[in-house]
Amino acid sequence: MKMRFAAIAVLAAAALVGACDDEDTRTITDVVTVTVRDTIRIGNTTTTFDQIEHLANPLVNEIMVEKREHDHYNNTIPSEMRAQFRDDLVAFITGVAGRDAAYAGTVADALLPDMLVVRMDRAPTVTAANVRDAATVGWLTQVLDATNGYGGRKLDNDDAVDKGLGVIFGNVLGNNNNVSPGLVTDNVPDNQTDLTTFPYVAPPN
């Protein structure tokens with residue numbers, strides 16, 4: 001596996017323009033972006049993928065990481081995400097949400113690395129027949145129910161944004177200190193019933 005780590009360099013230089021007027025200047029700006037590149041061999045075929053975005057855990061990069069760090073976040077491999085961005089998440093949860101540092105650290109550790117977690121060793125009763133309705137299946141269930149939570153995401157009845165807001169601003173994890181009840185939902189209902197056959201996602205309302 002070959003990887004090239006993201007680096008964004010902005011170089012600015014001022015140069016004199018014009019033979020007679022030494023007050024006339026211009027600025028030259030070059031932007032160079034290098035993305036993470038993974039080369040994977042499958043059978044006799046070698047395929048190269050460029051990692052351009054992380055979207056496993058909603059609200060993390062979009063809300064809790066500073067805008068100037070978004071490209072850096074998107075190009076960071078999962079094994080390095082806690083080292084690179086844990087302090088960003090803690091700063092947001094303690095600063096914007098006003099929660100204590102210990103709680104902020106717990107939430108940051110649950111959301112990083114930014115991967116969709118599926119715990120195959122949990123919830124042995126989850127089957128193809130009941131996975132749609134199983135309470136132990138869905139985003140962050142491996143954290144919310146540390147014994148049986150299977151993780152993953154469900155097509156419906158799995159409002160990831162409300163779950164995330166409830167963790168950051170509310171008492172979903174049992175912490176009642178300095179909660180902000182008005183910020184625990186985006187007020188967009190997750191009441192659309194998806195199809196039981198391909199393509200599964202229901203048409204827009």
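Ignoring everything but the protein chains, give the 1.4 Å probe accessible area of Glu62 in square angstrom, nearest 10.
Glu62 has an accessible surface of roughly 90 Å² with all protein chains in place.
When Lys and Arg each count +1 and Asp and Glu each count -1, what net charge do the other residues less than 15 Å away from Leu173, Cβ to Cβ, add up to?
-2
Provide Rg and Dmax in Å for the stretch 80-205, with only Cα atoms included in the calculation.
Rg then Dmax for the stretch 80-205, in Å: 16.0, 45.
With the other protein chains left in place, how much accessible area per residue, in square angstrom, belongs to the stretch 60-183 at a 1.4 angstrom probe?
With the other protein chains kept in place, the stretch 60-183 gives 50 Å² per residue.
Quick one: if the Förster radius is 45 Å, what FRET efficiency do Phe49 and Asn176 give, using the C-beta to C-beta distance and rounding to 0.05?
The computed FRET efficiency comes out at 0.55.
The values are calculated or read from the model by the stated rules, or taken from the named source; none is laboratory data. It should be emphasised that the depicted structure is a prediction, and the values quoted were computed from it without experimental measurement. A quick note on method: Cβ atoms are made from the backbone with ideal geometry, for glycine too, and the neighbour counts reach across all protein chains shown. Keep in mind that these areas ignore ligands, DNA and RNA; they rest on the heavy atoms of the full protein, side chains included. Shrake-Rupley method; radii C 1.70, N 1.55, O 1.52, S 1.80 Å.
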